[in-house]
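See below for the structure under consideration.
The values are calculated or read from the model by the stated rules, or taken from the named source; none is laboratory data. These numbers were taken from a predicted model, which means no experiment stands behind them. Positions of Cβ are generated from backbone atoms using ideal geometry, with glycine treated the same way; all protein chains shown enter the neighbour counts. Calculation scope for accessible area: heavy atoms of the full protein, side chains included, ligands and nucleic acids excluded. Shrake-Rupley method; radii C 1.70, N 1.55, O 1.52, S 1.80 Å.
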Amino acid sequence: MARKYDLAICGYYGFGNLGDELICRALVEMAADAGIERGRICVLSSDPCLTSSRLGVEAVDRWKFFQVSKALRQSRSLLLGGGGLFQDSTSLRSCLYYWGVTLLGRLLGAVPWTFGQSVGPLRSKTARTFARHALKACRVRFVRDEASKDLLSSMGLDCDILPDPVFYLAPLTPRKSGVCDVLALNVRPINDGQGAAKLLREAKAFGDANGYRTRAICMCEEDLLELKRLGEDCDEAIVVKDIKDVICAFEDVRYAVGMRLHFCLLALLCKVSVVAVPYDPKVRSFALNWDIPLWEGSESLESLFLKAKVARDDEINLAKETLTKGFTFAIRKALGDECVGARS
């Protein structure tokens, strides 16, 4: 049976979270550069119209069973595209949803595979069961950190590590004047809001003492709401929604400190000295891998900024080249020995 798509991509897309949207963009661009026509890519999205218009691919509503079923029936493969799809830090629903999509894909003949995953935490036995069942079914598995690899290994599943897919979007070149007098910061909602409040106070104090304007870079609307809830004033606040917003947000930024993984990653791509706040194991793992200083509430930001480095071109280029090779290998393994773009 001829299938309309080579690739159906499933992740946390269409919810307005910049990190996930950039992962989706990177996966689409990698697929296109690997030889898959954009018309043969379909994304499962909570906002299919926006996803389709931004990325130039087809998209279906991830909440509508018949649309998802039709897309999977018409696709040769199902890509579970990062980041943290299988985790139960908030609830079991995430594991349940992606397990269900994977099972449906298998039943309809779409070969499942993963790329760019951070797996865990999986605190409950049920979440672990759902994750293992879905990931075991994947023909190829790529994760983005050592902790995820260790967790899969404990489940008896092998995998390989590659950098976060968003590195594929390099280079980013925000405008830099001769001044660079901005301290960028990012907070997100967490169960213990005291850490975020302390971070804001420390960042504001550092900025005031050293002549830096503070710019809150919000990766989604909930970051902005958290900023307002905490009641700490910044000189400006920006909600970044797409790649073009990132370049504007990091204009004239000298230092950055933040909680979200992709805020820290984007600071690297924009050649900014960054300090990470490890609210989650995936952020700690990312920071340690890239030699990013960690702020955990005790050490002064000033001392950490002195340790922070600007990512080198060769480091970023190597990450992008590694992703290119890994993705090409993965998609050919997922689609079998047939040429990419061939119809089965």
- Query: Under a point-charge model restricted to the Cβ atoms of Lys and Arg (+1) and Asp and Glu (-1), what is the dipole moment magnitude of the chain relative to its Cα centre, in debye to the nearest 20?
  - Reply: 1440 debye
- Task: Go through 176/307; 64/228; 176/309 and tell me which ones have a Cα-Cα distance over 25 Å in this structure.
- Result: 64/228
- State the label only: which of (i) 20.6, 64; (ii) 20.1, 67; (iii) 19.6, 59 corresponds to Rg and Dmax of the Cα atoms in Å computed from the shown model? (ii)
- Task: Would you work out what percent of the accessible area of the chain, with all protein chains in place, is carbon or sulfur (probe 1.4 Å)?
- Result: 51 percent
- Note on the structure: Under a Gaussian network model of the chain whose springs join Cα atoms within less than 10 Å, the largest fluctuation of 270, 220, 248 belongs to 248
- Query: Just how many % of Cα pairs in the stretch 51-114 lie over 20 Å apart, if you round to the nearest whole percent?
  - Reply: 30 percent
- With Cβ to Cβ distances under 9 Å as the rule, what net charge do the other residues near residue 111 carry (K, R +1; D, E -1)? +3
- Can you tell me the FRET efficiency between residue 300 and residue 181 if r is taken as the Cβ-Cβ distance and R0 is 25 Å, rounded to the nearest 0.05? 0.80
- Restricting attention to the alpha-carbon atoms of the stretch 279-324, what are Rg (one decimal) and Dmax (integer), both in Å? 12.9, 39
- Here the relative contact order (percent) of the chain, from C-alpha pairs under 8 Å and at least 6 apart, is 17 percent
- For the stretch 101-222, size of Cβ-based charge dipole, Lys and Arg +1, Asp and Glu -1, in debye: 280 debye
- Message: Using helices alone, I'd like the mean residue ellipticity at 222 nm for the chain: each DSSP H run of four-plus residues gives -39500 (n - 2.57), total over residue count, nearest 500.
- Response: -13500 deg cm²/dmol
- So which lysines can residue 125 reach, going by Cα to Cα under 18 Å and dropping same-chain residues fewer than 8 places off? 136
- Task: For residue 43, list long-range residues whose amide hydrogen, built 1.01 Å from N in the peptide plane, is under 5 Å from its own amide hydrogen.
- Result: 9, 58, 59, 60
- Accessible area in square angstrom per residue, the chain, 1.4 angstrom probe: 42 Å²
- Message: How large is log10 of I(q)/I(0) for the stretch 209-259 at q = 0.15, 0.25, 0.29 Å⁻¹ when the intensity is taken from the Debye formula with one equal scatterer per alpha-carbon?
- Response: -0.41, -1.08, -1.30
- With Cα coordinates, the longest principal axis of the chain makes an angle with the long axis of helix 18-33, in degrees rounded to 10, of 50 degrees
